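Colleague: The structure under discussion is supplied below as structure tokens; questions concerning it will follow.
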Amino acid sequence: MIRATVRVLAVAILACGLSRPLAAQEKVDVATIERIKSEEMNHSQVMDIMSWLSDVYGPRLTWSPNAARAKDWTVGQLTSWGLSNVHTETWDTPAGLGWQNERFSLMALTPVPFIVQAVPQAWSASTKGVVTGPAVALDAVCLDEMKAKYNGKLKNAFLFGGGGESPPVNQFKATATRYTDSTLAVMAAAQPAGGGRGGAGGRGGAMPSELPAICKTQAARDSTATVAAGRAWRGLPFNLMADTSMLRWMQSQGVGAILLADASHVGGDIGTNNGASRVSGVAAVPTVHVAQESIGRIERMVEKKVPVQLELNMQNKFFPENKSSFNIVGEIPGTDPALKDEVVMIGAHFDSWHSGTGATDNGAGSGVMLEAMRLLKTLNLKPRRTIRIGLWTGEEQGLMGSRAYVKDHFGFVDSSGFHPTDEQKKFAAYFNVDNGSGKIRGVYLQGIEAERPVFDAWMDPFKQMGMKTLTIANTGGTDHLSYIAVGLPGFQFIQDPLDYGNVTHHTNQDVYERLQPDDMKFNSAVVASFAWQAAQRDEKLSRPPAPGGGRGIVP
Ligand SMILES: [Zn+2]
């Protein structure tokens with residue numbers, strides 16, 4: 001028995017010894033990391049950077065003039081901090097379209113004047129001056145039904161999808177949250193290949209129980225015709241929104257505007273769904289996103305047959321010349337003759353949606369990356385490998401900027417296989433931030449178990465401050481995926497959710513006041529430290545499997 005106990009104990013010590021020794025082997029430059037933490041805690045500029053990026057130069061919708069103004073300021077900052085090779089790289093596939101809202105007001109005039117809380121949909125057409133018309137609850141799930149019920153009756157009408165119930169919006173639970181130790185423990189225990197964060201969409205409800213006969217006939221006649229796959233709450237069926245034939249019919253009817261609302265945002269928080277489908281320039285019907293509380297009031301009156309007259313003035317400007325966009329790049333050159341041509345990158349998407357100032361998505365990630373570079377430069381640190389920052393546009397339209405950058409520099413996969421470049425061989429690591437301003441609590445290992453002891457050691461100087469979780473799971477939906485797609489180690493950090501997913505993500509509440517300054521400072525110190533560690537270690541980080549099933553290259 002005793003012998004057995006001793007053996008178990010021995011194994012435990014060994015195991016702990018084994019794992020710890022590996023991490024122990026991983027050199028941690030505690031002295032430099034303490035300098036980084038001290039500089040950040042005492043002389044942080046991250047919130048000043050955030051005010052410029054959001055208050056002055058936000059929002060930064062891809063291809064918009066404001067994004068270009070924000071770019072010029074950022075290039076100026078990087079240059080003023082003494083970074084090298086500060087430049088922008090253009091990408092133009094797919095060709096884009098600049099858009100910016102210049103004037104907006106939506107009022108109810110009858111039965112009593114009140115302000116309707118709303119924002120334009122990205123790339124929406126403008127109204128022809130001020131448009132006034134009735135609010136109309138549309139009850140149709142396909143174009144033929146719409147024509148049959150409303151032909152000639154929709155002049156200047158403000159359309160919304162009827163049939164919604166207004167659930168009370170009192171919030172008994174705090175909207176902002178932090179990960180608890182138990183939640184982090186569950187993440188740490190996750191098995192490989194967890195699902196990432198889902199993409200956009202998926203707000204549609206179930207298929208209507210019974211399609212109206214007229215829509216069945218339409219579907220039989222024209223299988224391509226859109227029949228509402230589901231009705232977004234109080235919105236028009238989403239896929240109908242992308243149905244240019246429906247939009248053109250509405251335009252021909254002289255519809256005043258389309259009113260969209262979604263149930264997942266309350267309290268004046270307005271979600272703006274992905275208007276990317278309009279990049280192609282289908283200048284159809286003016287479309288706005290309306291707060292739940294406003295559309296609820298309008299609908300309840302319409303149901304009571306109390307006429308509601310609305311007035312909209314929405315002036316948007318298109319910039320067809322803005323077909324291409326940019327990525328912002330800058331470096332701190334490596335100094336080690338053997339390693340200086342190898343590259344460590346930190347990055348985040350610079351673009352944002354349009355209804356707030358893009359503060360948490362993704363001003364927060366861009367701001368942390370900028371501050372991390374300022375820290376490394378201010379401390380006059382001379383890395384062995386080159387440390388490079390990459391700020392991408394077009395992320396909200398499908399990781400367009402980071403994909404273009406990776407293709408230009410590291411390689412691509414096409415039908416003939418994987419085409420890595422020489423630069424790909426010299427690439428050491430990429431770190432991304434794109435989950436709001438919440439405090440970094442750990443790292444997603446993206447299935448690369450070999451990194452666990454390395455990151456575990458790198459987290460040592462931050463464990464007491466709450467960063468101690470590693471999960472083998474993946475996380476998706478953002479720019480580190482562009483690196484993984486060409487067999488390069490790309491990582492995203494685990495961050496406290498705060499109210500990112502439920503309040504600020506793609507809404508009008510995405511503003512400076514939703515940033516947590518202490519979290520932003522902490523995150524800046526963590527990112528600067530990880531970049532430094534990756535630049536200083538002898539080996540590049542382990543890689544995910546190369547595209548086409550090749551085994552990951554373990555340096
Ligand atoms: Zn984002």
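Colleague: In units of 2.2 N^0.38 Å, what is the alpha-carbon radius of gyration of region 497-552?
Modeller: On the way: Rg = 17.8 Å, N = 56, 2.2 N^0.38 = 10.2 Å.
The reported ratio for this selection is 1.75.
Colleague: Sorted from largest down, give the three principal axis spans of the alpha carbons of region 101-165, whole angstrom values.
Modeller: The Cα atoms of region 101-165 stretch 35, 29, 24 Å along their principal axes.
Colleague: Starting from the amide H of Val136, placed 1.01 Å from N in the peptide plane, find each other amide H under 5 Å away whose residue is 5 or more places distant or on another chain.
Modeller: Long-range HN contacts for Val136: Phe158, Leu159, Phe160.
Colleague: Follow-up question, since we're still on this one. By its C-alpha gyration tensor, with a ≥ b ≥ c as the square roots of the eigenvalues, how is region 296-376 shaped: rounded for a/c under 1.5, else prolate for a/b larger than b/c, else oblate? Each step should come with its number before you reach the end.
Modeller: Details: a/c = 5.39, a/b = 2.93, b/c = 1.84.
Note, shape of region 296-376 comes out prolate.
Colleague: Enumerate the calculated ³J(HN,Hα) couplings along region 316-321 in order (Karplus 6.51 cos²θ - 1.76 cosθ + 1.60, θ = phi - 60°), each rounded to whole Hz, writing x wherever the residue is Gly or Pro.
Modeller: 10, 10, 9, 10, x, 6
Colleague: Separate question: Please list, by residue number, everything in region 456-492 whose backbone N is under 20 Å from a paramagnetic label point 7 Å out along Cα→Cβ of Ser416.
Modeller: From region 456-492, the list is 486-487.
Colleague: Considering only Cα-Cα distances, which of the following residue pairs are longer than 31 Å: Lys382/Lys425; Lys426/Lys468; Lys173/Lys317; Lys468/Lys540?
Modeller: Listed pairs above 31 Å: Lys173/Lys317.
Colleague: So if R0 is 22 Å, what FRET efficiency would Glu449 and Lys27 give, r being the distance between their Cβ atoms, rounded to the nearest 0.05? Write down the numbers at each step before the final one.
Modeller: Working: r = 20 Å, r/R0 = 0.92.
About 0.60, to the nearest 0.05.
Colleague: Counting alpha carbon pairs within less than 8 Å and at least 6 residues apart, what relative contact order, in whole percent, applies to region 366-457?
Modeller: Working: 37 pairs, mean separation 13.3, N = 92.
For region 366-457, the relative contact order is 14 percent.
Colleague: Please give every one of the lysines within straight-line cross-link reach of Lys149, meaning a C-alpha to C-alpha distance under 30 Å, and leave out same-chain neighbours fewer than 8 residues apart.
Modeller: Lys128, Lys216, Lys304, Lys305
Colleague: Which listed residue (Gln77, Ala118, Val130) has the Cα farthest towards the positive end of the charge dipole for region 58-139, taking +1 on Lys and Arg C-beta and -1 on Asp and Glu C-beta about the Cα centre?
Modeller: It is Val130.
Colleague: Can you list residues from other chains, or at least 5 along the same chain, whose modelled amide H is less than 5 Å from the amide H of Asn316?
Modeller: Glu102, Ser126, Thr127
Colleague: Amide H neighbours of Thr287 under 5 Å, at least 5 residues apart or on other chains, H built in the peptide plane: list them.
Modeller: Counting only residues 5 or more places away or on other chains, the set is Gln121, Ala125, Ile258.
Colleague: Through the Karplus equation 6.51 cos²θ - 1.76 cosθ + 1.60, θ set to phi - 60°, convert the phi angles of region 542-548 into ³J(HN,Hα) values in whole Hz; use x for Gly and Pro.
Modeller: 5, 10, x, x, 5, x, x
Colleague: If you roll a 1.4 Å probe over the heavy atoms of the protein chains, what accessible area per residue do you get for the chain, in Å²? If you can, show how the numbers build up before the last one.
Modeller: Numbers: 22780 Å² over 555 residues.
Result: 41 Å² of accessible area for each residue.
Colleague: Given a cut-off of under 8 Å on Cα pairs at least six residues apart, what relative contact order in percent is computed for the chain? Could the numbers behind the result be given before it?
Modeller: Numbers: 1207 pairs, mean separation 126.4, N = 555.
This gives 23 percent for the chain.
Colleague: Using the beta-carbon distance between Arg69 and Arg248 and R0 = 35 Å, what value does 1/(1 + (r/R0)^6) give for FRET efficiency, to the nearest 0.05? Intermediate results must be reported in sequence, preceding the final value.
Modeller: On the way: r = 34 Å, r/R0 = 0.98.
Efficiency for this residue pair is about 0.50.
Colleague: Step through the residues of region 330-340 one at a time and calculate ³J(HN,Hα) from phi using the Karplus curve (6.51 cos²θ - 1.76 cosθ + 1.60, θ = phi - 60°), rounding each to whole Hz and writing x for Gly and Pro.
Modeller: x, 9, 10, x, x, 10, 7, x, 7, 10, 5
Colleague: FRET efficiency for Lys425 and His87, Cβ-Cβ distance as r, R0 = 22 Å, nearest 0.05? Intermediate values should be presented prior to the final figure.
Modeller: Values: r = 23 Å, r/R0 = 1.04.
FRET efficiency, Lys425 to His87: 0.45.
Colleague: Further, regarding this structure: Taking DSSP loops as anything outside H, G, I, E and B, show the longest stretch in the chain free of GluC sites (Glu not before Pro) there with at most 13 other beta carbons within 10 Å.
Modeller: Numbers: sites that count: Glu165, Glu210, Glu321, Glu539.
Within the chain, the longest run free of exposed GluC sites (Glu not before Pro) spans 322-538.
Colleague: Specify whether the C-alpha gyration tensor of the chain places it in the rounded, prolate or oblate class, a ≥ b ≥ c being the square roots of the eigenvalues: rounded for a/c under 1.5, otherwise prolate if a/b is larger than b/c and oblate if not.
Modeller: Numbers: a/c = 2.04, a/b = 1.83, b/c = 1.12.
Note, shape of the chain comes out prolate.
Colleague: Take the alpha carbon gyration tensor of region 457-551, find the square roots of its eigenvalues, order them as a ≥ b ≥ c, and report rounded if a/c is under 1.5; if not, report prolate when a/b exceeds b/c, else oblate. Kindly include the intermediate steps, with their values, before the conclusion.
Modeller: On the way: a/c = 2.39, a/b = 1.35, b/c = 1.77.
In terms of gyration-tensor shape, oblate.
Colleague: Using Cα centres only, tell me the gap between region 107-163 and region 357-383 in whole Å.
Modeller: So the separation of the two Cα centres works out to 44 Å.
Colleague: Once both labels are modelled 7 Å past Cα along the beta-carbon direction, what's the Ala219-Ala174 spacing in nm?
Modeller: 4.7 nm
Colleague: Could you tell me what percent of the accessible area of the chain is made up of carbon and sulfur, with a 1.4 Å probe and every protein chain present? Walk me through the numbers before you get to the answer.
Modeller: Values: 12840 of 22780 Å².
Carbon and sulfur: 56 percent of the exposed surface of the chain.
The values are calculated or read from the model by the stated rules, or taken from the named source; none is laboratory data. Small disclaimer: the values here were computed from a predicted structure and weren't measured. Ideal geometry is used to build each Cβ from the backbone, glycine not excepted, and the neighbour counts take in all protein chains shown. The protein model used for the area step is the full one, side chains on, heavy atoms only, and it has no ligands, DNA or RNA in it. Shrake-Rupley method; radii C 1.70, N 1.55, O 1.52, S 1.80 Å.
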